[in-house]
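Below: one structure, written as structure tokens.
Please treat every number below as a calculation from the coordinates, not as lab data. Just so it is clear, the model here is predicted, and its values are computed rather than measured. Counting neighbours? That spans all protein chains shown, and the Cβs are built from the backbone with ideal geometry, glycine included.
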There are 2 protein chains.
Amino acid sequence: MSTGSRRQRWDAARNHDQVLAAARDLFSTRGLATDVREIATLAGVGVATLYRHFPTKDDLVRAAVADDLAEWWALTRRAAAEEDAWSGLCAFVEQTLATMARHRAVLDGVMAPAAAPAAFEACHTHLRAELDGLVRRAHQQGTLRPEVSAADVSLLVLALGQVVRHTAESPDAWRRHTHLVLDGLHVRAARR
Amino acid sequence: MSTGSRRQRWDAARNHDQVLAAARDLFSTRGLATDVREIATLAGVGVATLYRHFPTKDDLVRAAVADDLAEWWALTRRAAAEEDAWSGLCAFVEQTLATMARHRAVLDGVMAPAAAPAAFEACHTHLRAELDGLVRRAHQQGTLRPEVSAADVSLLVLALGQVVRHTAESPDAWRRHTHLVLDGLHVRAARR
DNA sequence: GCGTATCCGGAACGAATGATCCGGAACAAG
DNA sequence: CTTGTTCCGGATCATTCGTTCCGGATACGC
């Protein structure tokens with residue numbers, strides 16, 4: 001975890017890691033609005049030290065969520081590759097929301113209309129890109145209602161993020177709600 | 001519109017009305033985060049005057065949204081009284097979202113988890129109360145999928161509020177999306 | 001141990017924003 | 001017009017939060 005760059009003091013590297021750990025902790029439980037001072041305090045460090053390692057709060061956010069975003073994207077890529085596009089779509093949505101539920105900063109960053117830090121620039125693009133193929137395949141397989149576009153699903157994810165925010169303490173609640181809504185977009189054998 | 005209280009200077013009453021009008025304007029277009037100074041400026045008045053008439057920003061918000069909330073509640077009550085519970089439910093949701101789309105402060109106030117000003121205290125309660133009856137009747141009439149509870153619809157409204165926020169410029173977009181999702185909760189003749 | 005380059009921590013800055021103060025202007029009564 | 005009450009407006013306070021500064025402490029090479 002410590003930076004491999006040469007010529008750095010031992011305690012500096014330790015502080016870097018402690019700040020990063022504290023940032024991950026607070027950002028994931030309290031969201032993007034977390035005060036930088038709190039992070040520094042939890043890390044047992046002064047604000048200046050924090051800023052020495054991460055010149056901007058945005059940099060800190062980026063570093064704190066990088067792993068989670070990477071993991072999220074890996075999960076969604078896997079979901080998008082599923083043979084059955086419908087179950088892939090469900091997995092995609094559920095894993096996206098699970099990521100948001102686990103890491104409130106991701107929730108904040110993805111859901112914020114425009115005030116989102118640069119750390120989340122690529123998220124919407126990524127979302128749309130993966131969804132495009134998945135939705136197309138689901139339409140081909142006839143398991144997704146034909147009026148539903150990729151943009152619709154993308155919006156739906158943001159909308160369900162709001163559900164996650166209001167039921168953060170019980171994962172079952174948002175999961176149930178998500179399945180309820182997704183089920184409404186499903187074309188079952190019983191219909192038609 | 002001017003306060004009926006006796007013994008008030010005419011310019012004070014005029015200022016009261018101008019502040020209220022400015023507040024309505026900016027709160028509805030920019031949301032709750034609007035700076036109080038902007039409102040005062042638009043009203044052609046100093047901040048102190050604003051605070052003289054509305055001792056707190058929260059009071060100002062309350063006054064600015066009171067009519068809209070009343071109108072919203074009237075609309076939803078009417079929707080809740082419809083014979084066909086399903087179309088009543090759809091009207092309920094759509095009118096709620098239309099209110100939020102028209103008045104961003106209402107959107108902010110209702111969607112905010114806990115930071116909502118006191119002006120929106122009763123909203124969730126009201127929402128739930130009206131939805132309870134509506135959902136029960138829809139279940140009796142067999143037009144709403146049986147797993148869907150009033151709490152689900154309540155959450156759904158908040159979720160769709162996020163859609164409104166992301167498609168604020170085009171009312172068609174959120175309306176279409178809303179119908180898409182609602183349609184998924186509908187029990188049609190074709191199913192079962 | 002000692003000197004030096006590196007790093008640290010808390011105070012302080014600057015901007016945003018809700019709220020208050022006070023000298024003076026505007027209105028109403030006679 | 002005079003006078004006294006009411007009201008006004010901009011400066012100001014207080015708080016929050018991202019960010020920077022600087023005197024002092026610390027680790028590392030010898």
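Data table
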| quantity | calculated |
| --- | --- |
| Radius ratio Rg over Rh of the protein assembly as shown, counting only Cα atoms, Kirkwood formula for Rh | 1.04 |
| Helix runs (DSSP H) in chain A reaching 18 Å along axis by Cα, Kyte-Doolittle at least 0.5 | A:85-102, A:150-166 |
| Nearest residue to the symmetry axis between B and A, taken on chain B by its Cβ, in whole Å | B:GLY184, 1 |
| Cα pair count fraction exceeding 18 Å, expressed as % - segment A:95-192 | 51 percent |
| Per-copy distances of the A:GLU121 label point, shortest first, in nm (7 angstrom along Cα→Cβ) | 4.6 |
| Shortest-first distances to equivalent copies, position A:ALA168, nm, label 7 Å out along Cβ | 2.3 |
| Cβ-defined net charge surrounding B:ASP17, 12 Å radius [Lys, Arg +1; Asp, Glu -1] | +1 |
| Size of charge dipole - segment A:10-55 - debye, nearest 20, with Cβ of Lys, Arg +1 and Asp, Glu -1, no other charges | 60 debye |
| 7 Å along Cα→Cβ, label-point gaps from A:ASP11 to other copies, nm, shortest first | 6.5 |
| Stokes-Einstein translational diffusion, segment B:8-55 - Kirkwood Rh over all Cα pairs, 1.306 mPa s, 10 °C, in µm²/s | 151 µm²/s |
| Peptide ranges B:140-146, A:90-96 listed from the most packed, as the mean C-beta count within 10 angstrom indicates | A:90-96, B:140-146 |
| Whole-angstrom Cα spans of segment B:93-150 along principal axes, big to small | 37, 20, 15 |
| Within 10 Å of each Cβ in B:88-99, the average number of Cβ atoms from other chains | 0 |
| Taking the C-alpha atoms of chain B, convex hull volume expressed per residue in Å³ | 121 Å³ |
